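One structure below.
The values are calculated or read from the model by the stated rules, or taken from the named source; none is laboratory data. The model shown is predicted, which means the values in this text are computed figures rather than measured ones. As a convention, Cβ positions derive from the backbone with ideal geometry for all residues, glycine included, and neighbour counts pool all protein chains shown.
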Amino acid sequence: MQNNILNELRTPVFLVNKKNEVEYINEIGEEFFGVSSSILIGKKINEFIPNDSPILNLIERVRRNKVGITEESLDFSNLKFPNRKVRAHLVPLSFDNNKIIIQISQLALSEMFQSQRINSKVSKSFSSMIDLLMHELKNPLAGIKGASQLLEIDIKSNQNLTELTQLISIECDRITELLNRMEQISNNNVELEYESINIHEILNHCKRVAENSFGNKMNFINEYDPSLPRLFANKNLLIQIIINLLKNASEACQNNGNIKIKTSFNSSKITSFGNEDVPTPLPLQIEIIDFGIGIPKNLRSSIFDPFVSSKKEGKGLGLSVVASGLEEMGAVIDVSSNPGFTNFCINFPLRKS
């Protein structure tokens, strides 16, 4: 009966015993490895994947801790399929913790965009044009900030208006820093500054920006985990990323509907970075959920690529900026979408410095 259930799953699934020998593999699993079950069953898993694959360590962790693990970027290369990485979910068998079920699914979108980095080397002539543009933009921004500060003095008795002028001032500072960062990119000299951040303060700020601009007709729902530890990240880049996602969510709902902003601690979220593929926990989770039109199927696998957009007049840069920004901060993003529901899920590592 167990084998019948596993065979109905439409993703590769196999079962290993306490010796790491394959006891069962479903039909899609045979296709995945390009080998029949009669050859695979009874063989140790490391006979058809690299001996240094993190899968062996993950199996032992699941066996020892008796809890499931999801690996976002697991090396499953072999002679037939070199350089192949997948998402793998490992769980112990309920009645025998020494036996581990391994389910394979498509590579997470977060790993797809990691291999597609935005080129920051700009030609000298274009760099000069950027420098001029940055200089010209900073002048009116300074004027806007100065005007908002003068207004704040005159309207101290009205708390709502005071909050708006403070918001204008904060956003002017953020745009100025963004322009400074663009100047650094043009000179190929980018170095992010990190700090300890209360993620809920950032999310509330982004929500206020949305409520007073593109999302003024939206209903924003907070679902926060107050026990979440502080996040170590670049503050302004994180604000830029969250505002991008909130704007996309608002547009997906035709600027009229609900958007949920959720935080949680996800201890099972693990991925691998770098050449050594060392598993890294990414437990600090932020979700931006909308109930709009969803992402077209033909774009879901490339939604984080530059110049890919489902919007009529979209430039396809927003999610590319989101992806590259999160990569710089050691975080990952995944998206699940169907008509009526889209969830952008961001996971950050837990670190203090």
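Points to keep in mind about this one:
- Scanning region 262-273 for residues that are of a type outside the set (D, E, K, R), over 16 Å from Ser227 (Cα atoms) and surrounded by 17 or more Cβ atoms within 10 Å (Cβ to Cβ) yields Ile270, Thr271, Ser272, Phe273.
- Any hit, region 74-85, residues being without any contact (Cβ under 8 Å) to a residue 60 or more places away in the chain, outside the structural domain of Asp334 (by TED's automatic domain parsing) and part of a strand (DSSP E or B): yes
- Inside region 24-39, residues that are exposed (fewer than 15 other Cβ atoms within 10 Å of the Cβ) and in contact (Cβ under 8 Å) with a residue 24 or more places away in the chain make up a count of 1.
- Meets criteria (at pLDDT 85 or above and on the phi < 0 side of the Ramachandran plot) for Leu109: no
- All positions within region 284-317 that are modelled with pLDDT under 80 and polar (S, T, N, Q): Asn298, Ser301, Ser302, Ser309, Ser310
- Segments classed as strands (runs of 3 or more DSSP E), wholly inside region 178-283, with at least 2 members that are at pLDDT below 90 and in contact with a Ser or Thr (Cβ under 7 Å, 6 or more places away or on another chain): 269-273, 278-281
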